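Report on the following structure.
Nothing in this text is a laboratory measurement; each read-out follows from the coordinates by a stated rule. The structure displayed is predicted, hence computed values, not measured ones. Backbone-built Cβ (ideal geometry, glycine too); neighbour counts: all protein chains shown.
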Amino acid sequence: MVIENTETKRIVEKQIKKWEISKERRKDSKEAPLPVITISRQPGSIVNELVQRLSKELKLDIIDSKIIHEVAESVQMSEKVVSHLDEKTRNVLDNWIVYLKATRFLLTDKYVYHLTKVIGAAGEQGGAIIIGRGANLILPPDETLRVRFIAPMETKVRHMVQEFNITEEDAKQRIVLKEAERRDSLRRYFKVNIEDPINYDLIINTEFLGVENIIGVIKSALKFKKTFSRRKTDE
């Protein structure tokens, strides 16, 4: 299947160019790749401003779940994303996918294969906030900060009403439906419970925390994660 959405094609092409520029810059300066943060969230638990601010302050690209899904459904585009990696990195990614299949009981259908490849390629490039699609289950946990946002129903409804200008009843129905879809998707593709805390480094209840506070918490956790990863590499 070939993606017909020209906007998605444009976004992917733009992202690949950014990766190429970043790779050349790191080659010359020998600077370390920027980190990767995965975000899992209950519908309505966070406002769009939070992700935008986090992206801007940490200088990370946002890779949205809708884009990942569309690319993973297209053999042509997913292979283009992966082909941007050098041979050594592609081998690392292939070995990691073999490990995932053996330990996470991934389905062997084409969509899951390309989904894993696309998210894996984005993770190898670094410098990204990857939203949804089980990215926290696909990327190596010692190289990724895995964040999940939750909130009471009242908070989620309020955020939904503000963001989409809908009624409280419509917001509640949308939340229940989306939560069920995400829960079923992860159970089907990865055989896990989306709420299992073992799959995240941070679980943040956004009821009483503002955007500034949440960003501060993530920055602190990111420093610790980078220190831990570097320490493991040195061992």
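What does the charge count near Gln52 come to, summing +1 for each Lys or Arg and -1 for each Asp or Glu among other residues with Cβ under 15 Å from its Cβ? Summing Lys/Arg as +1 and Asp/Glu as -1 gives -2. Each Lys or Arg adds one and each Asp or Glu takes one away; over the other residues whose Cβ falls under 13 Å from the Cβ of Ala171, this sums to -1. Take the alpha carbon atoms of the stretch 151-192, find their center, do the same for the stretch 33-50, and report the distance between the two centers in whole angstrom. The stretch 151-192 and the stretch 33-50 have Cα centres separated by 15 Å.
The slack between Glu179 and Phe224, meaning 0.36 nm per residue of separation minus the straight C-alpha distance, is 13.2 nm.
Would you mind ranking Lys156, Lys178 by Cβ crowding within 10 Å, fewest neighbours first? Before the final figure, lay out each step's value.
Details: Lys156 26, Lys178 15.
Result, fewest neighbours first: Lys178, Lys156.
Could the peptides 51-63, 119-131 be put in order, highest first, of the mean number of other beta-carbon atoms found within 10 Å of their residues? Show your work: numbers first, answer last.
Working: 51-63: 15.9, 119-131: 23.1.
Averaged packing, sorted descending, gives the order 119-131, 51-63.
The stretch between Glu212 and Asn165 holds 14.5 nm of extra length on full extension. This uses 0.36 nm per residue minus the Cα-Cα distance.
What is the sum of charges, Lys and Arg at +1 and Asp and Glu at -1, for the other residues whose Cβ falls under 13 Å from the Cβ of His159? Numbers along the way, then the final one.
Details: positive: Arg41, Lys156, Arg158, Lys172, Arg174, Lys178; negative: Glu49, Glu154, Glu163, Glu168, Glu207.
The answer is +1.
Under the rule a/c < 1.5 gives rounded, and otherwise a/b versus b/c splits prolate from oblate, where does the stretch 109-235 land using the Cα gyration tensor?
Details: a/c = 2.32, a/b = 1.35, b/c = 1.72.
The shape class here is oblate.
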